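Here's the structure, in structure tokens; my notes come after.
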Amino acid sequence: GSLRLCSLSGWALCRPVSGHVSVQRGYRGDSPTDSGKDVLEIPLPPWQERPDEPLETKRARLLYESRKRGMLENCILLSLFAKENLSRMSERQLNLYDRLINEPSNDWDIYYWATEAKPTPAVFENDVMAMLREFAKNKNREQRLRQPDLEYLFESPR
């Protein structure tokens with residue numbers, strides 16, 4: 001059969017199959033012969049603890065960093081976790097959470113540890129990781145489809 005290019009985003013090959021068109025999709029890098037020379041690896045600066053950061057500043061920064069992750073799964077999981085837990089975490093727990101969300105260079109690792117798809121490395125195995133794993137189980141079956149609105153920050157404490 002004849003093949004023709006039929007997509008401008010990524011690429012797709014269209015192959016007529018008994019009156020219908022079958023589409024094979026792919027993206028650059030799917031090929032085993034791809035050299036990967038066009039992939040740019042940008043090193044992240046190493047995580048550093050901030051011992052002199054005021055607690056309220058730390059909570060505000062961690063809230064922001066929990067919401068701006070670069071992958072939707074962690075934006076939702078971590079922003080909801082932060083909403084529920086940051087205000088009552090001790091300074092030690094805030095530092096553990098800071099390290100957990102900022103030291104690993106791959107956000108998927110954090111997601112896999114939280115959902116127990118992969119074992120958590122010993123360096124991140126602590127009470128905050130246990131809290132995040134428990135939160136990820138969603139035992140109350142809450143609908144978690146988006147990040148929380150920020151209005152709760154302006155409500156009086158309960």
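The residue that is nearest to N126 (Cα to Cα), among those in the stretch 67-97 that are open to solvent by 20 Å² or more (accessible area, probe 1.4 Å) and of a type in the set (G, A, S), is S90. Of all the criteria given as (1) without any contact (Cβ under 8 Å) to a residue 60 or more places away in the chain; (2) surrounded by 15 or more Cβ atoms within 10 Å (Cβ to Cβ); (3) part of a helix (DSSP H, G or I); (4) out of contact with any Leu (no Cβ under 9 Å at 6 or more places or on another chain), the one not satisfied by P104 is (3).
So which of L132, L145, L153 ends up being aliphatic (A, V, I, L, M), in a loop (DSSP other than H, G, I, E, B) and either surrounded by 12 or more Cβ atoms within 10 Å (Cβ to Cβ) or at pLDDT below 95 (or both)? Write out each step before concluding.
On the way: L132 fails: in a loop (DSSP other than H, G, I, E, B); L153 fails: in a loop (DSSP other than H, G, I, E, B).
Unique residue meeting the criteria: L145.
The single condition among (1) part of a helix (DSSP H, G or I); (2) open to solvent by 30 Å² or more (accessible area, probe 1.4 Å); (3) touching a residue at least 40 places away in the same chain (Cβ under 8 Å) that Y64 does not satisfy is (3). Within the stretch 114-129, the set of residues being under 15 Å from L86 (Cα atoms) and surrounded by 14 or more Cβ atoms within 10 Å (Cβ to Cβ) comprises V128, M129. When the stretch 44-61 is filtered for residues that are more than 19 Å from S87 (Cα to Cα) and not charged (D, E, K, R), the ones remaining, listed by number, are L44, P45, P46, W47, Q48.
The values are calculated or read from the model by the stated rules, or taken from the named source; none is laboratory data. None of these values were measured; they are calculated from a predicted model. Cβ atoms come from the backbone with ideal geometry, glycine included; neighbour counts cover every protein chain shown. Side chains are part of the model used for accessible areas, which takes the heavy atoms of the whole protein and leaves out ligands, DNA and RNA. Shrake-Rupley method; radii C 1.70, N 1.55, O 1.52, S 1.80 Å.
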